[in-house]
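What follows is one structure encoded as structure tokens, with my remarks underneath.
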Amino acid sequence: MKWFAQVAALLDFNIRSLPKRKGAALAAVFGIAGVVAVFVGVLSIGQGFRKAMVSTGSPDTALVMRSGADSEMTSILHRDEARIVADAPGVARQDGRALVSPELFVIVNLPKKSTGTDANVAVRGVEPPAFGVRPELRIVEGRAFEWGRNEVIVGR
């Protein structure tokens, strides 16, 4: 019980001397608050990314990448390998064809119309089966691209 009295006396002394240490106390309070604010901000960004990754896509859609690739941009499957995936058992089929969409995903620098400075733009090269593989895609204005023409579909 003696130690409790000593701790209480120290706390009482520290609280009573607080007005004499206003600057140091405020610096400590703002420093701790700043660290907490940055920590909460970083955690919220991480949670936002996690939610975006979980809420997008479909649980019955698989992304097939080469061994050792950690993203779509670093993965390359050649036509023969894409055919092996399309012929694999368990791949969904529609009208007798495998629901497989070999795609090319790259980031290109294009000048922004408003400022003229470069901006990173994601470009995905797809084939017609992409609309069957990704049923959440829908064209709200215009038409789908035609095979053999240099056309793009732009998202909002």
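What follows is calculated from the coordinates using simple rules that are stated; it is not laboratory data. Keep in mind that this is a model prediction, so the values were computed, not measured. Virtual Cβ from ideal backbone geometry, glycine too; neighbours counted across all protein chains shown.
Between amide H atoms placed 1.01 Å from N, distances below 5 Å from A98 occur with no residue 5 or more places distant or on a separate chain.
If a helix is a whole DSSP H run, which ones in the chain reach 15 Å or further along their own axis (Cα) and hold a mean Kyte-Doolittle hydropathy of at least -1.0?
Working: long enough: 2-16 (21 Å, 0.50); 22-55 (48 Å, 1.44).
Passing helices, by number: 2-16, 22-55.
Across region 61-77, coupling constants 3J(HN,Hα) worked out from phi with the 6.51/-1.76/1.60 Karplus curve, θ = phi - 60°, read 10, 10, 9, 9, 10, 6, 4, x, 7, 10, 7, 4, 5, 9, 10, 9, 10 Hz, and Gly and Pro carry x.
Here the chain was treated as a single set of alpha-carbon atoms; its pair distances binned every 10 Å from 0 give 8, 20, 24, 14, 9, 8, 10, 7, 1 percent. For region 94-112, the residues whose amide N sits under 12 Å from a probe point set 7 Å from the Cα of E72 along the beta carbon direction are 101-107.
DSSP loop GluC sites (Glu not before Pro) in region 61-156 with at most 15 other Cβ atoms within 10 Å of their Cβ, which ones? Intermediate results must be reported in sequence, preceding the final value.
On the way: sites: E72, E81, E103, E136, E141, E146, E151; in loops: E103, E136, E141, E146, E151.
Qualifying residues, ordered by number: E136, E141, E146, E151.
Shown in residue order for region 127-140 are the 3J(HN,Hα) couplings computed by the Karplus curve 6.51 cos²θ - 1.76 cosθ + 1.60 at θ = phi - 60°: 10, x, x, 4, 6, x, 6, 10, x, 6, 6, 8, 8, 9 Hz (x for Gly and Pro).
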